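What follows is a single structure, written as structure tokens, with notes after it.
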Amino acid sequence: MKWYNDEREDDDPRKVNLHADLEAQLKRWTWLYNKICLPKNRYKTDAQLIRLLAKEYPDLSERTCRRTLRDMRRFYGSVDQPVLAFEKKMLIASIKDTLRKAKLKGDLKSASSAEKNLIAVLGADQPEQAVENKTIINVIGFNPEQLGAQALPQAKLDELIAQIMNVDKKKADQPFDDFTDVSDQ
């Protein structure tokens, strides 16, 4: 973990280096992790993975292969941040596959359990959020008479806009009223 989290350059003498044994172990972990993560190998069992590892590294015993698989899962489980959107899609695909197989076998108990899990993952058991209706006003071609307002003469409208602008200017200048200008002194 120290080696993995050390972000210093390779030529930095303070960088954590791996011993040869740990580097060989990391190489096995990486090879095994890549086998698991490939989409076509997604559903391999532990026994199949251990056989693949033993075939790739014939000097390892079956017990060491099992420990390597366990340690690889611990290591990558602690350093990888899961991509939740991808994991959710894979979980949905897996549940649908289980549901299909259960229905083909006629196993209604497993099928209902898979359906319950699918409903929970999809969020179909949650109440729908009401969509708030909003009125959108076209400001470019805005005509207040369409909304029931009375039309103002242009002079009255210009006077009203000038008043609003003066109030805004006073509010903008107000924080500076408390200070004394000392730039000329």
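The values are calculated or read from the model by the stated rules, or taken from the named source; none is laboratory data. A quick note: this is a predicted structure, and the numbers were derived from the prediction, not measured. Cβ: placed from backbone, ideal geometry, glycine included. Neighbour counts: every protein chain shown. When the accessible area is computed, the model is the full protein with side chains, heavy atoms only, and any ligands, DNA or RNA have been set aside. Shrake-Rupley method; radii C 1.70, N 1.55, O 1.52, S 1.80 Å.
Data table
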item: Pair list, Cβ < 9 Å and 6+ apart or interchain, from the range 1-29 residues that are loosely packed, with under 10 Cβ neighbours inside 10 Å to residues that are hydroxyl-bearing (S, T, Y); result: M1/S78
item: Evaluation of S61 against (1) within 29 Å of L118 (Cα to Cα); (2) among the polar types (S, T, N, Q); (3) at pLDDT 80 or above (one fails), failing number; result: (1)
item: Near pairs, Cβ below 9 angstrom, 6+ apart or cross-chain, from the range 144-170 (open to solvent by 100 Å² or more (accessible area, probe 1.4 Å)) to any residue that is assigned to a helix (DSSP H, G or I) and at pLDDT 85 or above; result: none
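Yes or no, residue by residue, for (1) modelled with pLDDT of 90 or more; (2) acidic (D, E); (3) open to solvent by less than 60 Å² (accessible area, probe 1.4 Å); (4) touching a strand residue (DSSP E or B) at 6+ places or on another chain (Cβ under 8 Å):
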position	(1), (2), (3), (4)
S94	no, no, yes, no
K101	yes, no, no, no
G106	yes, no, yes, no
L118	yes, no, yes, no
I136	no, no, no, no
